[in-house]
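Below: the structure, in structure tokens.
The values are calculated or read from the model by the stated rules, or taken from the named source; none is laboratory data. If you're wondering where the values come from, they're calculated on a predicted model, not measured in any experiment. Don't worry about glycine lacking a Cβ; one is built from the backbone with ideal geometry, like all the others, and counts go over all protein chains shown. Just so you know, the surface numbers come from the protein's heavy atoms only, side chains and all, with ligands and any DNA or RNA stripped out. Shrake-Rupley method; radii C 1.70, N 1.55, O 1.52, S 1.80 Å.
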Amino acid sequence: MKKISWLLTIFLIVIPTFALAAGSVEGGSKQAVNWSAIGMFVGFVMLTLFITYWAAKRTASAADFYSAGGGITGFQNGLAIAGDYMSAASFLGISGLVYTSGYDGLIYSVGWLVGWPIVTFLIAEQLRNLGKFTFADVTSFRLGQTDIRILAACGSLVTVAFYLIAQMVGAGKLIQLLFGLDYWIAVVLVGGLMMVYVTFGGMKATTWVQIIKAVLLLAGATFMAGAVLYKFGFSPEALFAKATEVHPKKLAIMEPGTLISNPLSAISLGLALMFGTAGLPHILMRFFTVKDAQAARKSVFYATGFIGYFYILTFIIGFGAITLVSTDALFLDGSILEKTKSGIAAIKGGSNMAAIHLANAVGGNLFLGFISAVAFATILAVVSGLALAGASSISHDLYGMVIKGGAANEQDEIRVSKIATLVLGVLAIFLGIVFENQNVAFMVGLAFAIAASCNFPVLVMSIFWKGLTTRGALVGGFLGLVSAVVGVVLSPAVWEATLGYAKGSAPIKLDNPALFSMAIAFAGIWLFSILDRSKRASIDRDGFDAQFVRSQTGIGAASATTH
Amino acid sequence: MINLARIERDPNYRELVRRRSSLGWGLSLVMLVVYFGFIVLVAYAPKFLGTPLGSGVMTIGIPIGLSVIALAFILTGIYVRRANSSYDVLVRKIVEENRS
């Protein structure tokens, strides 16, 4: 009962915040208060709080908290994975990229999708068979627990932190534009709701919030893309013809453009997109929420289908926005239009708003409200998944395994993860406000680079390579982590755009460091493993056979708790 | 509890490992070759991807990009189908035979 009153209290705080904000709207970059959007969003929040309440009653053990008791089905998990992946950044960002550059948006979509088959073929089943709550369970299976848990926790927390900041800043800006709320109110609202979902409902609530959002987003995007195609008599050719006619780049939007500046940069970005997916802690964690290896494999199949379908929709939505948004004065900033003569550059709120304006263009104010609410819900759900992954890494890997040596009391571990969630939430709100006016686009790239250069190499080598030793994993993993961070700082995106050094002065010309940071990680892991003659090394190598049998057959794997 | 050496000698287990690794690595290789083939085209031959298809504005790059997306889904489907029909049966047999 205590929990209900808690939820109620928080909800009562949330509602007046809207009313308050509504009163304090002035011009500037904020939109007028959109009541249908707020109404639908409040509906979504009520539904998710109800789910959180329901999940809280059923979340007692550590298994419930971290992995929803292993009781999520393959199909549900597929939707939840797709939900984790279809963030506001990919929905608004890719459609915005298609809006400004056409074909280039497709390159990103393809890169973000092709990591999934690799996850299915090489990682999903093994992960389920070997792990329990976090991917560190797998990497430390036969290696030195303490060292490897610390490495995995560093990799997870750094990835989560950068991803979280990027999402928070994006959320603040978006909500400011969509709902007419102040930036800081938006950030506090996202952080606060996230803390409620995760601390009370754990993985069960986080998963269901993610599933609901995924369904809403897929439905909304389907409607939008359908409406665009309907306007052009379901002829893509007619859509593209109109788009090339009105876009200032004309036919150039139908081929790769300036986004990919040099070939090595393209390959490096491709590597980061593909293998980063297989190293994101909040995604890897989802494989422990299903019953067994079969369900794990099915869930990636569904996820790949949903995500691929969604990316095709965003491509259509981007082209739809070129034809319907950039030609309509309602969505354009008159003064910019005057100066540039380009409807593409003059879009109100920047290119990330392309999909939002398109919603208004094809479905009117009510549908605009729906898509705005869904975009907010998307941020909320992704942020919750990230926070849960970060908190699990702190409580399960650092507290439970490193500090308590695997002998932690289950209830204590849950308590630590709840405290960790609150700390992460407050930190995320704080950093979100600090970074308000910074360009944070590189942070998602950084998160992918670190995931691809630290988490992924250690994970894949621990599953498949008998020769891997604790020292090799530790040295190689940290080398990957450090080189990814250094590589991003020295890249044009940060060195020139964020730090403000002269154009062309960036020491490393790659926009994403994955090409060399992944190579350094794998080379480091290999070299320091084969040179390792310590006693620990022979224990590590001897443990491989038993691990391999379990990874293949699932004999001895953590089973689902009964509910 | 489980007899490692016995499982490793089990022909069903060998069959499972052989099938899973050849299919898993094989399909991964296909995906890698196709994807990096696409990226190399983007990087070195952007004009090729901009070749118009027929008389309209549609370029060859659009179906190529979309087919990489479709292929990712199809390959995953092939793996899951094969895995569901053979791996799980083999795993069940191995578990049965080594229960003692």
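Listed by number, the DSSP H helices of chain B that run 15 Å or longer by alpha-carbon position along their axis and have mean Kyte hydropathy of at least -1.0 are B:11-44, B:61-82. For the residue pairs A:Lys173/A:Lys503; A:Lys173/A:Lys250; A:Lys231/A:Lys341; A:Lys213/B:Lys47; A:Lys250/A:Lys509, the C-alpha atoms sit more than 32 angstrom apart in A:Lys213/B:Lys47. Calculated from DSSP H runs of 4 or more alone, at -39500 (n - 2.57) each and per residue, what is the 222 nm mean residue ellipticity of chain A, nearest 500? When only DSSP H runs of four or more count, the value is -23000 deg cm²/dmol. The ellipsoid equivalent to the alpha-carbon distribution of region A:144-253 has semi-axes of 39, 20, 18 angstrom, derived from the gyration tensor eigenvalues as √(5λ) and listed largest first. Per residue, the accessible area of region B:4-97 comes to 50 Å², computed with a 1.4 Å probe over protein heavy atoms only.
Once B binds A, the 1.4 Å probe can no longer reach about 4500 Å² of accessible area, counting both sides. Within the accessible area of region A:289-355, the carbon and sulfur atoms contribute 58%, probe 1.4 Å, all protein chains present. The relative contact order of region B:4-97, computed from alpha carbon pairs under 8 Å that lie at least 6 residues apart in sequence, is 39 percent.
Taking 8 Å as the Cα distance limit and 6 or more residues as the minimum spacing, I'd like the relative contact order of chain A as a percentage.
Computed value for chain A: 28 percent relative contact order.
Name the helices (complete DSSP H segments) of chain A with a Cα length along the long axis of 30 Å or more and a Kyte-Doolittle mean of at least 0.5, or state none. Helices meeting the span and hydropathy rule in chain A are A:2-23, A:35-57, A:145-179, A:202-231, A:293-324, A:354-392, A:410-434.
Working from Cα pairs under 8 Å separated by at least six residues, relative contact order for region A:480-560 is 24 percent.
Per the Cα gyration tensor, region A:439-563 maps to an equivalent ellipsoid with semi-axes of 36, 19, 9 Å, ordered largest to smallest. Calculated accessible area for chain A comes out at 34 Å² per residue, all protein chains present (probe 1.4 Å; ligands, DNA, RNA ignored).
Please list A:218-230, A:491-503 highest first by mean number of surrounding beta-carbon atoms within 10 Å per residue.
My ranking of the peptides, most packed first, is A:218-230, A:491-503.
Within the shell defined by Cβ-Cβ distances under 15 Å, the residues around A:Asp532 carry a net charge of +4, with Lys and Arg each +1 and Asp and Glu each -1. If R0 is 35 Å, the Cβ-Cβ spacing of A:Lys466 and B:Ala70 corresponds to a FRET efficiency of close to 0.45. If each Cα of region A:42-119 is one equal point scatterer, what is log10 of I(q)/I(0) from the Debye formula at q = 0.18, 0.26 Å⁻¹? Taking Cα atoms of region A:42-119 as identical point scatterers yields -0.92, -1.21. At q = 0.23, 0.25 Å⁻¹ the log10 of I(q)/I(0) for chain B amounts to -1.12, -1.21, computed by Debye summation with a single uniform scatterer per C-alpha, solvent ignored. Each pair of Cα atoms in region A:437-476 enters the Kirkwood radius, and Stokes-Einstein at 10 °C and 1.306 mPa s then converts it into a translational diffusion coefficient of 137 µm²/s. Per residue of peptide B:58-66, the mean number of Cβ atoms on other chains within 10 Å of the residue Cβ is 6.
Size descriptors for the protein assembly as shown: radius of gyration and Dmax over Cα atoms are 24.5, 81 Å.
In the protein assembly as shown, taking the dipole from charged Cβ atoms about the Cα centre, the farthest positive-side position among A:Ala303, A:Ile165, A:Val246 is held by A:Ala303. Using the Cα gyration tensor of region A:234-361, with a ≥ b ≥ c the square roots of its eigenvalues, what is the shape: rounded (a/c below 1.5), prolate (a/b larger than b/c) or oblate (neither)? Because a/c hits 1.5 or more and a/b exceeds b/c, region A:234-361 counts as prolate.
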